[in-house]
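The structure under discussion appears below in the form of structure tokens.
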Amino acid sequence: MSIGSFAFSRVELENDVIVKTQSSQEVMYGWEVAIEKNDKGEYVFTAPAQGDSDVVRVRNKSGTLEHLTLSTLSNPIPESEPSPIFYWDMVGTDSSVGLRRFSPTLYAYVSPLHQENEVLKGKIEPQLINWKQDLKALPLVSSWTLTFNPTEQKFTLVRAA
């Protein structure tokens, strides 16, 4: 699997916060997978099959409504924990969800209204910082420094030396 690939995951939520990733399958554009339950009642993904070259897609074949995410990976599973970038709520049986090729933008914001792994269901109202970068222009690994100016009551995010 190449770096920069994606993974579909089945997740569990508590109060709109992802608390557990139960099963994941690495995918790339042009691949389709399905989530199913095996004979033991465990959730498993099928092996990737060829699909539309500009789409990555998952079909729910589990027989129940599912919470599914699409994540970015910096390394293959299990070396890399999936980092969700898209979330689909209650995907119906025999329904599919996916993503057409896009240009990713990395946003940073500071807000006391959200917590780590919280599913954001609407527009984010940035407080104290509004920062974005073209993800394709950034190196695979980079470090950033977040500073706060108490006089201006503003945060600044700059690439670390």
Region 132-156 residues that are under 30 Å from residue 101 (Cβ atoms), paired with ones that are charged (D, E, K, R) and open to solvent by 100 Å² or more (accessible area, probe 1.4 Å) (beta carbon under 7 Å, 6 or more apart) = 142/159; 144/159
query = Among the residues of region 50-68, is there at least one that is loosely packed, with under 15 Cβ neighbours inside 10 Å and part of a strand (DSSP E or B)?
reply = yes
task = Would you point out the residue of region 22-46, among those that are buried (at least 18 other Cβ atoms within 10 Å of the Cβ) and polar (S, T, N, Q), that is modelled with the highest pLDDT?
result = 25
message = Looking only at region 1-20, how many residues end up being open to solvent by less than 50 Å² (accessible area, probe 1.4 Å), closer than 29 Å to residue 136 by Cα and part of a strand (DSSP E or B)?
response = 8
remark   = Of those in region 98-127 that are of a type in the set (A, V, I, L, M, F, W, C) and over 15 Å from residue 158 (Cβ atoms), the residue modelled with the lowest pLDDT is 124
key: Sole exception among (1) under 29 Å from residue 55 (Cβ atoms); (2) touching a strand residue (DSSP E or B) at 6+ places or on another chain (Cβ under 7 Å) for residue 104, by number   = (2)
note = Going through (1) small (Gly, Ala, Ser); (2) open to solvent by less than 70 Å² (accessible area, probe 1.4 Å); (3) within 18 Å of residue 57 (Cα to Cα); (4) modelled with pLDDT under 85 one by one, residue 95 fails only at (4)
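The values are calculated or read from the model by the stated rules, or taken from the named source; none is laboratory data. Every value quoted in this text rests on a predicted model; they were computed, and no experiment measured them. Quick reminder, even Gly has a Cβ in these numbers, built from the backbone with ideal geometry, and neighbours come from all protein chains shown. Note: areas computed on protein heavy atoms with side chains; ligands, DNA, RNA excluded. Shrake-Rupley method; radii C 1.70, N 1.55, O 1.52, S 1.80 Å.
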